1. Only Cα pairs under 8 Å and at least 6 apart count here; give the relative contact order of the chain as a rounded whole percent.
2. Is the C-alpha gyration tensor of the chain telling us rounded, prolate or oblate? Criteria: a/c under 1.5 is rounded; beyond that, a/b larger than b/c is prolate, otherwise oblate.
3. Give the lysines reachable from Lys155 as a straight Cα distance under 27 Å; neighbours fewer than 8 places away on the same chain don't count.
4. Ordered by residue, what ³J(HN,Hα) values in Hz, to whole numbers, does segment 73-90 give under the Karplus form 6.51 cos²θ - 1.76 cosθ + 1.60, where θ = phi - 60° and Gly and Pro are x?
5. Leaving out ligands and nucleic acids, note down the accessible area per residue over the chain with a 1.4 angstrom probe, in whole Å².
6. Compute the longest continuous run of the chain that contains no exposed trypsin sites (Lys or Arg not before Pro); treat a site as exposed when its DSSP state is not H, G, I, E or B and it has at most 15 other Cβ atoms within 10 Å.
7. With θ set to phi - 60°, apply the Karplus curve 6.51 cos²θ - 1.76 cosθ + 1.60 along segment 150-166 and write out the HN-Hα couplings as whole Hz, x wherever there is a Gly or Pro.
8. Of all the accessible heavy-atom surface of the chain, with the other protein chains kept in place and a 1.4 Å probe, what percent is carbon and sulfur?
Amino acid sequence: MAEDQQIQVTVVGSSNVDITALMNRLPGPGETVLADSYQLTPGGKGANQALAAQLAGAQTEFIGAVGEDEHSAIALGQMETAGVQLGRVIRSQEPTGVAIISVDSHAENSIAVVSGANASVDAAAVRNAGELHGVLVLQGEIPAAGITAAIAAAKDRVVLNLAPVITLQRGDFLAANPLVVNEHEAFEALKQLDAAAAEGLEENYEQLARQLLAQGIGSVVITLGGAGCLVAEMDAAGQAQLSQVAAMKVNAVDTTGAGDAFTGALAAHLAAGETLSEAADFANRFAAYTVQHPGAQASYPRDLSQL
Ligand code: ADP
């Protein structure tokens, strides 16, 4: 097990193949349009985050599920090339998850996601996987029971990215250190914890962060797109400390997968012992690189000296 001891980040989560077709306009109900081209690329928030953590310098393991089909090799390909450990990926009877993405000439899109094998990352599957090493990263594209089981098996801090928003147990939120959310997800998380406290705070991310801390969450990072992120933590005296970490000023061409890049990079630098603010600063730089390049995993930096 010597190899496993060196794992610094474990991501338990989703992996998909994104099927992206480019067309002049999106078809209406019952209509067929001719598309210009299509691409098959690896995606899924869990896989994106695992790749980001590995590229950000942490030896990373991805635990998820793919089908016994041709798409599985595409779903895992970039992670494998980057050196993410995949030995505990489950082979499911269900097909590899796919996201069917139609994009028109104005970059408007419509997306249908088939969870497929990702639905088999449930509590039993996570328990069967055994010990989870290093910083644990979770998101909302696997069953909630799988998330709870992973938190129960965590040996180190838990980075919980509530994206997409799913219903979790109070204990899952309280295990997060940090909870990583955008403004909308922060509001939805607080609504689950205390609907009355959330009232009227939709667009007040500082108050959302304070209220999430007041619920007992150890730390919260709210991502703010081109404005970077807000880091919120309780200090030793039990006072909420908030600091905004500015993003790089860049020319954004495609923000697909930027949130996942941020979360993976943040986890990698937390695993290396940085403070939350230091790790958030690195995550901002890592994510800013990705928005300047097209695609999700394809946009992640392979050479950190470029950041
Ligand atoms: P999500 O897509 O999950 O809502 P955000 O849009 O908040 O996430 O983006 C996640 C992170 O990506 C931000 O915190 C920031 O670090 C980076 N980022 C996103 N958009 C930009 C941008 N226009 N310029 C620089 N950095 C960006």
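1. On the way: 743 pairs, mean separation 51.9, N = 307.
Relative contact order of the chain: 17 percent.
2. It comes out rounded by the Cα gyration axes.
3. List returned: Lys45.
4. 5, 5, 4, 9, x, 5, 4, 4, 4, 7, x, 5, 6, 10, x, 10, 5, 7
5. Values: 13510 Å² over 307 residues.
About 44 Å² of surface per residue is accessible.
6. Value returned for the longest uninterrupted segment is 26-154.
7. Going residue by residue, I get 5, 4, 5, 8, 5, 9, 10, 5, 10, 9, 10, 9, 7, 9, x, 5, 10 Hz, with x marking Gly and Pro.
8. Numbers: 6610 of 13510 Å².
In the chain, the share of accessible area belonging to carbon and sulfur is 49 percent.
The values are calculated or read from the model by the stated rules, or taken from the named source; none is laboratory data. Predicted, not measured: the structure shown is a model, and the values here were computed from it. Here Cβ is always computed from backbone atoms with ideal geometry, including for glycine, and neighbour counts include all displayed protein chains. Surface accessibility is based on the protein's heavy atoms, side chains included, excluding ligands, DNA and RNA. Shrake-Rupley method; radii C 1.70, N 1.55, O 1.52, S 1.80 Å.
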